[in-house]
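The structure appears below as structure tokens.
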Amino acid sequence: MQSIGILGGTFDPIHYGHLRPAQEVLRALDLAEIRVIPAANPPHRRPPVATSEQRLRMVELAVAGAPGFTVDDREFRRGGPSYTVLTLESLRREFGERPLCLLMGLDAFEGIETWHQWQRLPELAHFIVMTRPGWEFPAGERLPPWVRDRLVRETSQLAQASAGKIYFQAVTPQDISATRIREALARGEPAEAWLPSVVFEYIRANRVYVNRGN
Ligand code: ATP
């Protein structure tokens, strides 16, 4: 049975640094789909600049043009802090024993030990860690034991369990961040190359990042 990919994030806004690496993982791991799950109330950072509705709408627009991707708004429906552990628990209830693959960039993975109930996350999903410019895969001896013990080198090993493995996936570097996009838009500099044109048009039409303390 094909695994389900999960891409969480603030998506303020969604951009090609999210979509392209995830698309490479979708193919490399032969996933059934990538579910993009925007965080309604991201607990680990300052509040997003765009409203929740705007971030969700931008994700919907981006995903409509990305075969293999779907939007999952469960963190909006749930309310409260958007803890990944709660999201994975509800996905696990829905998908039974099917393998769940939680995608994240190296920057997110390096901070994972600060996440709410992080030790429970490997009980609920595999981790697929994607390269990101400016971040290096840690050398084997520098990995914490809980990571080293879970590391797999073959994608086929992911299908053998429903959760608990960690796989490092090198992806084509996308030197893009939402911060950089917000800053460029606030200064009136070009940003359209970094995100789907439907998202760019939405941002422009709704003046999402103009004079909003980006
Ligand atoms: P911000 O600049 O506002 O912090 P961001 O661009 O890092 O935002 P997030 O929504 O915080 O975007 O990221 C969601 C997920 O996508 C995280 O796991 C992050 O590591 C990953 N990600 C974001 N940009 C890239 C990129 N350019 N390459 C690889 N992974 C990325």
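The values are calculated or read from the model by the stated rules, or taken from the named source; none is laboratory data. Computed from a predicted structure; not experimentally measured. With ideal geometry, Cβ positions are generated from the backbone for all residues, glycine too; neighbour counts draw on all protein chains shown. Note: accessible area is taken over every heavy atom of the protein model, side chains too, but ligands, DNA and RNA are not part of it. Shrake-Rupley method; radii C 1.70, N 1.55, O 1.52, S 1.80 Å.
Among the listed residues L103, L88, L124, which satisfies the condition of being surrounded by 15 or more Cβ atoms within 10 Å (Cβ to Cβ), at pLDDT 95 or above and away from the ligand (no atom under 16 Å from the Cβ)? Talk me through it step by step, then tell me what you get.
Numbers: L103 fails: away from the ligand (no atom under 16 Å from the Cβ); L88 fails: away from the ligand (no atom under 16 Å from the Cβ).
After ruling out the rest, the residue left standing is L124.
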Can you work out which of the residues in the range 132-166 that are in contact (Cβ under 8 Å) with a residue 40 or more places away in the chain, in contact with a Phe, Trp or Tyr (Cβ under 7 Å, 6 or more places away or on another chain) and not polar (S, T, N, Q) is farthest from M1 (Cα to Cα)?
I166
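When you scan the range 175-184, do you find a residue that is more than 30 Å from V147 (Cβ to Cβ) and open to solvent by 20 Å² or more (accessible area, probe 1.4 Å), even just one? Don't jump to the end; show me each part of the working.
Taking the range 175-184 first, the residues more than 30 Å from V147 (Cβ to Cβ) are 181-184.
Next, only the ones that are open to solvent by 20 Å² or more (accessible area, probe 1.4 Å) stay: 183.
Within the range 175-184, one or more residues are more than 30 Å from V147 (Cβ to Cβ) and open to solvent by 20 Å² or more (accessible area, probe 1.4 Å).
Can you go through G68, G79 and tell me which one is open to solvent by 10 Å² or more (accessible area, probe 1.4 Å) and in contact with a strand residue (DSSP E or B) (Cβ under 8 Å, 6 or more places away or on another chain)?
Numbers: G79 fails: in contact with a strand residue (DSSP E or B) (Cβ under 8 Å, 6 or more places away or on another chain).
Being open to solvent by 10 Å² or more (accessible area, probe 1.4 Å) and in contact with a strand residue (DSSP E or B) (Cβ under 8 Å, 6 or more places away or on another chain) holds for just one of G68, G79, which is G68.
Pick from G188, G164: which is away from the ligand (no atom under 16 Å from the Cβ) and surrounded by 15 or more Cβ atoms within 10 Å (Cβ to Cβ)? Don't jump to the end; show me each part of the working.
On the way: G188 fails: surrounded by 15 or more Cβ atoms within 10 Å (Cβ to Cβ).
That would be G164, the only listed residue that is away from the ligand (no atom under 16 Å from the Cβ) and surrounded by 15 or more Cβ atoms within 10 Å (Cβ to Cβ).
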Which members of the range 93-103 meet the condition of being touching a strand residue (DSSP E or B) at 6+ places or on another chain (Cβ under 7 Å) and either farther than 16 Å from G164 by Cα or part of a helix (DSSP H, G or I) (or both)?
F95
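Being part of a helix (DSSP H, G or I) and either at pLDDT 95 or above or within 13 Å of the ligand (Cβ to nearest atom) (or both) narrows it down to one residue among E141, E201; which is it? Let's see the steps before the verdict.
On the way: E141 fails: either at pLDDT 95 or above or within 13 Å of the ligand (Cβ to nearest atom) (or both).
After ruling out the rest, the residue left standing is E201.
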Restricting the range 144-153 to residues that are assigned to a loop (DSSP other than H, G, I, E, B) and under 21 Å from L100 (Cβ atoms), which is nearest to the ligand (Cβ to nearest atom)?
R150
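Out of all the residues in the range 62-71, is one or more under 28 Å from E113 (Cβ atoms) and more than 10 Å from the ligand (Cβ to nearest atom)? Can you show your working first?
Step one: of the range 62-71, the residues under 28 Å from E113 (Cβ atoms) are none.
No: zero hits.
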Looking only at the range 4-18, filter to residues that are within 7 Å of the ligand (Cβ to nearest atom) and touching an Asp or Glu at 6+ places or on another chain (Cβ under 9 Å); which one of those is farthest from V59 (Cα to Cα)?
G17
Could you tell me how many of the residues in the range 106-117 are within 13 Å of the ligand (Cβ to nearest atom) and either surrounded by 20 or more Cβ atoms within 10 Å (Cβ to Cβ) or not in a loop (DSSP other than H, G, I, E, B) (or both)?
6
When only residues in the range 19-53 that are within 13 Å of the ligand (Cβ to nearest atom), among the aliphatic types (A, V, I, L, M) and within 26 Å of Q157 (Cα to Cα) count, which is farthest from the chain's Cα centre (by Cα)?
V25
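What number of residues in the range 174-198 are in a loop (DSSP other than H, G, I, E, B) and within 13 Å of L19 (Cβ to Cβ)?
Of the range 174-198, the ones in a loop (DSSP other than H, G, I, E, B) are 174-177, 188-191, 195-196.
From what's left, within 13 Å of L19 (Cβ to Cβ): 174, 176, 195-196.
The qualifying residues number 4.
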